[in-house]
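Asker: What follows is a single structure, and I will ask about it in a moment.
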């Protein structure tokens, strides 16, 4: 089943590389770090000492704008050298021009919702279930409040 906030669908509509890419966020330029052990890309604001990536202030992440999208897309589309084009795709997280840029009512990236799994389900549903069943706190007096 697919809903409007489904990450892979939104990424494809926006012509982005996806949420498992190094630059997978639609809203900022936070760069992911690949873990050999778990074979997954993680997004850390405070980088490992072995990383050559600088730390990010979570309150001041480098935001993507509609103009950023257009500039990144023009670099990719206008590049004739395949190797350089692939490096732009890896560097920007964008792999082409979305047909949705034709619609004047759509603003990149603000018009695309954050998916429901990351907003509500991941890591929250377990805690909400405990709270509703009065088992969130170890102290039963707090649960009764």
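The numbers here are math on the coordinates, done by the rules we state, and not lab data. Remember, predicted model here, so these are calculated numbers, not experimental data. Methodologically, a virtual Cβ is constructed for each residue, glycine included, from the backbone with ideal geometry; neighbour enumeration extends over all protein chains shown.
Asker: Quick one: length gained pulling residue 135 to residue 44 fully straight, 0.36 nm per residue minus the C-alpha distance?
Answerer: Roughly 29.7 nm would be gained on extension.
Asker: Evaluate the distance, in nm, between pseudo-label points positioned 7 Å from the Cα of residue 59 and of residue 106 along their respective Cα→Cβ axes.
Answerer: Taking the two extended label points, one gets 3.5 nm.
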